[in-house]
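Peer 1: I have a structure here, written as structure tokens, and I will follow up with some questions on it.
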Amino acid sequence: MKKIAILGSTGSIGTQTLEVARTNGDIEVLALSANNNIRLLEEQIREFHPRLAAVWNEEKAKQLRENVRDTDVKIVSGMEGLLEVAAIPESEILVTAIVGMIGILPTIEAIKAGKDIALANKETLVTAGHIIMPLAKQYNVSILPVDSEHSAIFQSLQGGQRKALHKILLTASGGPFRGKKRAELAHIQVEDALRHPNWEMGRKITIDSSTMVNKGLEVIEAKWLFGVDIEQIEVVVQPQSIIHSMVEYEDGAIIAQLGTPDMKLPIQYALYYPERRYLPGERLDFSTLSQITFEKPDLDTFYGLRLAMRAGKEGGTLPTVFNAANERAVALFLDRKIGYLQITEMIQACMEHHHNIVNPTVEQILETERETYDYIRCEME
């Protein structure tokens, strides 16, 4: 019986992780956490019977305690609650499906408790990869990527020698605005940006995909996951989302992972690695697949990707500024307080304003996040 805990169980990755658990029948869910969706969290508690559940807001936690008083589950709240979920005894793997830099401290706590990490929280490595990866090595735990592209790279590396890796080819769908120029995006509305052609994701990540900022975050994450330089990562637009990513070796051989766009595959692969299991669902049918096409990303229109590459190359606290500025800008866009093009403009302004700290501590990373939020708030007033 595989024993797991999930941070962010009510989000897209969290609910699909529970689908994998439901289908396989040999995963015990020891702990769950949610931001504020206590209705869905209660349903999950009653189905999976975890020992522990965390809610960020204490008032919501009080309400949930009342709702599930007929069960044996312990309800906790705040950061202390997330840390308790992360390090719950007996769990083998922590699925970090929580959104944002709030995932850094629980991930560190889980690593120190000897848990393997099924990583879906990209902000953890984007902002603190220089801390997380050495810590995982120190405590001899595995960081298993759940993101589809990074899982594809990880899977492709199983077929070759890591030391012979020459380049990572990180694929992107191009999002809903692929092929458009910047002037054509001036009047984009929230509803337009939320229509992704291939993937069903949360609102924030869907906007990030439309700006290609998400691909920029993935570039930085790949740098840390696979121990490569930014220059060794090439973004390739592959609109059909059939090839999920590739690796090129020193001899020119390229190995790719292909499949239908289904997040349950990388989730299941991370949970059972190195074992592969049957996964119900649609299969890739080459007899009906008419073509797979490739394009270079438009770094002038989608220059958030270029900004991410700069942040990843310079390192320090600059990736934190990039991430925090995007997080706040996307929230403002979703609230219809700024225009679509202002998302990347805001990121660039924050990066230009920032004085980089070369090798930041966790405290300096979190302080940089606060300073970035404060700068945006002042600019908006």
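The values are calculated or read from the model by the stated rules, or taken from the named source; none is laboratory data. Here the structure is a predicted model, which is why all the values come from computation and not from measurement. Counting neighbours? That spans all protein chains shown, and the Cβs are built from the backbone with ideal geometry, glycine included.
Peer 1: Quick check on region 354-372: of everything there that is touching a helix residue (DSSP H, G or I) at 6+ places or on another chain (Cβ under 6 Å) and not β-branched (Val, Ile, Thr), which residue is surrounded by the most Cβ atoms within 10 Å (Cβ to Cβ)?
Peer 2: So the residue we want is Glu369.
Peer 1: Then there's this: Residues in region 78-90: is at least one in contact (Cβ under 8 Å) with a residue 40 or more places away in the chain, surrounded by fewer than 16 Cβ atoms within 10 Å (Cβ to Cβ) and assigned by TED's automatic domain parsing to the domain that holds Ile6?
Peer 2: Yes, because at least one residue in region 78-90 is in contact (Cβ under 8 Å) with a residue 40 or more places away in the chain, surrounded by fewer than 16 Cβ atoms within 10 Å (Cβ to Cβ) and assigned by TED's automatic domain parsing to the domain that holds Ile6.
Peer 1: What are the pairs, 6+ residues apart or on separate chains, where a residue within region 302-316 that is under 11 Å from Asn356 (Cβ atoms) has its Cβ under 8 Å from a residue that is part of a helix (DSSP H, G or I) and of a type in the set (Gly, Ala, Ser)?
Peer 2: Close Cβ pairs satisfying both conditions: Ala311/Gly216.
Peer 1: Something else about it: Return the total of residues in region 1-20 being assigned to a helix (DSSP H, G or I) and without any contact (Cβ under 8 Å) to a residue 40 or more places away in the chain.
Peer 2: Selection size over region 1-20: 2.
Peer 1: Of the conditions (1) closer than 17 Å to Ser148 by Cβ; (2) assigned to a helix (DSSP H, G or I); (3) modelled with pLDDT under 95, Glu191 clears all except one; give me its number.
Peer 2: Of the numbered conditions (1) closer than 17 Å to Ser148 by Cβ; (2) assigned to a helix (DSSP H, G or I); (3) modelled with pLDDT under 95, the odd one out for Glu191 is (1).
Peer 1: What are the pairs with Cβ atoms under 8 angstrom where one residue, in region 149-160, is over 18 Å from Leu119 (Cα atoms) and the other, located anywhere, is β-branched (Val, Ile, Thr)? Sequence gap at least six, or different chains.
Peer 2: Final answer for the pair search is Gly159/Ile255; Gly160/Val247; Gly160/Ile255.
Peer 1: Quick one: how many residues across region 228-281 are among the hydroxyl-bearing types (Ser, Thr, Tyr), more than 20 Å from the chain's Cα centre (by Cα) and closer than 20 Å to Gly159 by Cβ? Lay out the reasoning, then the answer.
Peer 2: Step one: list which residues in region 228-281 are among the hydroxyl-bearing types (Ser, Thr, Tyr), which gives 241, 245, 249, 260, 269, 272-273, 278.
Filter once more, keeping what is more than 20 Å from the chain's Cα centre (by Cα): 249, 278.
Now restrict to residues that are closer than 20 Å to Gly159 by Cβ: 249.
So the count comes out to 1.
Peer 1: Let me ask another. With respect to Asn36, is the statement that it is of a type outside the set (A, V, I, L, M, F, W, C) and within 18 Å of the chain's Cα centre (by Cα) true? Walk me through how you get there before you give the answer.
Peer 2: On the way: of a type outside the set (A, V, I, L, M, F, W, C): yes; within 18 Å of the chain's Cα centre (by Cα): no.
Spelling it out, it is not the case that Asn36 is of a type outside the set (A, V, I, L, M, F, W, C) and within 18 Å of the chain's Cα centre (by Cα).
Peer 1: Going residue by residue through region 267-275, is there one that turns out to be touching a Ser or Thr at 6+ places or on another chain (Cβ under 6 Å), surrounded by 15 or more Cβ atoms within 10 Å (Cβ to Cβ), in contact (Cβ under 8 Å) with a residue 40 or more places away in the chain and of a type in the set (S, T, N, Q)?
Peer 2: no
Peer 1: Let me ask you something else. Could you check region 208-240 and list, in sequence order, the residues that are in contact with a Pro (Cβ under 6 Å, 6 or more places away or on another chain) and β-branched (Val, Ile, Thr)?
Peer 2: Result: Ile220, Val235, Val237.
Peer 1: Further, regarding this structure: Going by the structure shown, is Ala61 of a type in the set (A, V, I, L, M), modelled with pLDDT of 95 or more and under 26 Å from Tyr272 (Cα atoms)?
Peer 2: no
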